[in-house]
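The values are calculated or read from the model by the stated rules, or taken from the named source; none is laboratory data. Nothing here was measured: the structure is a model prediction, and the numbers come from that model. Reconstructed Cβ throughout: ideal geometry from the backbone, glycine too, with neighbour counts over all protein chains shown. These area figures cover heavy atoms from the full protein model, side chains too; ligands, DNA and RNA do not enter into them. Shrake-Rupley method; radii C 1.70, N 1.55, O 1.52, S 1.80 Å.
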Amino acid sequence: MKVLVIGGGAREHALCRSLSQDPAVTELHCAPGNAGIAQVAAVHPVDQLDGAQVAALAGRLGAGLVVVGPEAPLVAGVADAVRAAGIPVFGPSAAAAQLEGSKAFAKDVMAAAGVPTARSYVCTTAAEAAEALDAFGAPYVVKDDGLAAGKGVVVTSDREAALAHAAACERVVIEEYLDGPEVSLFAITDGTTVVPLQPAQDFKRALDGDEGPNTGGMGAYSPLPWAPAGLVEEVLETVLQPTVDELRRRGTAFSGLLYAGLALTSRGTRVIEFNARFGDPETQVVLARLRTPLAGVLLASADGTLDQLEPLRWDEGAAVTVVVASEGYPAAPRTGDPIEGLAEAEADGTAFVLHAGTKADEDGRVLSAGGRVLSVTATGADLAEARERAYAAVDRISLKGGQHRTDIALKAATA
């Protein structure tokens, strides 16, 4: 099978790495890719938001499967264009991707499906926002209704800051604060059958101790030794399957990756949000533990045969990923700096480096090209070993002004 992956971040590098190790994949392509992806796939320039361009490229390559990584192309209808060209595609339609593209749409679906989530108000004016904030009280949770690359949510006890965020958005969802630890649970679905993956936890804040501004994610780990027994089965029954069934009932069947962001609250499991694609950086650790070849799983989603799939096989050990970000991230990331030590980081075979924001210059040097630059990932017999290996690899990498958290998976590994 020839596979084309759309996107150019660490999530797509993780997907490409797993697909490159699948003996069923005879050719691997990625568009637009990055400097790291270019080591395992042929990369192609493309406007990833242009469905006609993507479909034409897939046709020229003779792709038997297109995997759409980021949310923006999905909401823009890229998967629809590829499907219309008769090519199997992993990723939901634009209509189904509104589950991520609109927080208000997601809340409506959850209400209809009886999915447990936070109480909320949809607000379009300053007066409505102020009323909603006062109804719930602090800490305030204000979410941009549209796509915001993982940075559209403000959680604050500062009412003025909450109002300012609401004012900067056309429409917001304001909801009650959910206490308790957060869990990311991915599931692959063909619109009927739902196959959950292993849960993970990511770290959104820029600084150690969950301090500093919100980011796209500074690290992740899997498994979660503290998670309650039966969590995956509970979420499949109360969240994932009802959501997929409700979307199918509405005529907007969801096939692809359904990502449930969960809070394990004092009152039970609640959905914080849905995403319509693999999460970054959780994908890096989840795929590092997946032993079932990936291409067949994604193709079964695309062609509606997930019910025929053998149960997924998982590594019993653990995986940890640490994000190396550029100086100034997330406010004003600096780019164009050379990255040294990449080969050394992978030399002993216990860790691997996934590129997020990188590019190669004319001399073949790898330069930083974004806020989150690398996801340094390691596996081990347990979280402590995986964590030690990941940080040892991070220490071998040099990026001027580079920053990373030092406490990824620390509590879980030492509990």
Just to be sure before I move on: is Gly191 part of a loop (DSSP other than H, G, I, E, B), open to solvent by less than 30 Å² (accessible area, probe 1.4 Å), of a type outside the set (A, V, I, L, M) and at pLDDT 90 or above in the structure I sent? yes
Quick one: would you say Gly180 is surrounded by 22 or more Cβ atoms within 10 Å (Cβ to Cβ), out of contact with any helix residue (DSSP H, G or I) (no Cβ under 9 Å at 6 or more places or on another chain) and in contact (Cβ under 8 Å) with a residue 12 or more places away in the chain? no
Among the residues of region 366-405, the number that are of a type outside the set (A, V, I, L, M, F, W, C), open to solvent by 30 Å² or more (accessible area, probe 1.4 Å), over 18 Å from Asp208 (Cα atoms) and within 21 Å of the chain's Cα centre (by Cα) is 1
Scanning region 274-299 for residues that are part of a helix (DSSP H, G or I), under 25 Å from Ala378 (Cβ atoms) and small (Gly, Ala, Ser) gives Ala288, Ala295
Note: among Val394, Val366, just one is under 20 Å from Ala41 (Cβ atoms) and either touching a Leu at 6+ places or on another chain (Cβ under 9 Å) or touching a residue at least 12 places away in the same chain (Cβ under 8 Å) (or both), namely Val366
Asp307 passes all but one of the listed conditions (1) over 26 Å from Cys16 (Cα atoms); (2) open to solvent by 30 Å² or more (accessible area, probe 1.4 Å); the exception is number (1)
Reported set for region 75-108 where residues are without any contact (Cβ under 8 Å) to a residue 24 or more places away in the chain and over 22 Å from the mean Cα position of the chain (by Cα) is Arg83, Gly86, Asp108
Over region 20-55, the set of residues closer than 19 Å to Glu362 by Cβ, open to solvent by 50 Å² or more (accessible area, probe 1.4 Å) and assigned to a loop (DSSP other than H, G, I, E, B) is Pro45
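Condition check ((1) of a type in the set (A, V, I, L, M); (2) open to solvent by less than 40 Å² (accessible area, probe 1.4 Å)) across all residues:
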residue	(1), (2)
Ala260	yes, yes
Asn275	no, yes
Asp280	no, yes
Leu294	yes, yes
Ser326	no, yes
Pro333	no, no
Ile339	yes, yes
Going through region 123-143 in order, the residues found to be open to solvent by 70 Å² or more (accessible area, probe 1.4 Å) and touching a residue at least 24 places away in the same chain (Cβ under 8 Å) are Thr124, Ala126
For region 343-364 the number of residues that are over 17 Å from Ala288 (Cα atoms) and open to solvent by 30 Å² or more (accessible area, probe 1.4 Å) is 9
Looking only at region 265-273, decide whether some residue is assigned to a strand (DSSP E or B), open to solvent by 10 Å² or more (accessible area, probe 1.4 Å) and among the charged types (D, E, K, R). yes
Sole miss for Phe90 among (1) among the aromatic types (Phe, Trp, Tyr); (2) open to solvent by less than 60 Å² (accessible area, probe 1.4 Å); (3) within 30 Å of Ala167 (Cβ to Cβ) is condition (3)
In the set Ala300, Ala351, the lone residue that is of a type in the set (Gly, Ala, Ser), closer than 21 Å to Ser398 by Cβ and modelled with pLDDT of 95 or more is Ala351
For region 203-232 the number of residues that are at positive phi and in a loop (DSSP other than H, G, I, E, B) is 2
Within region 146-177, restricting to residues that are within 21 Å of Gly101 (Cβ to Cβ) and part of a helix (DSSP H, G or I), the one that is most open to solvent (accessible area, probe 1.4 Å) is Ala168
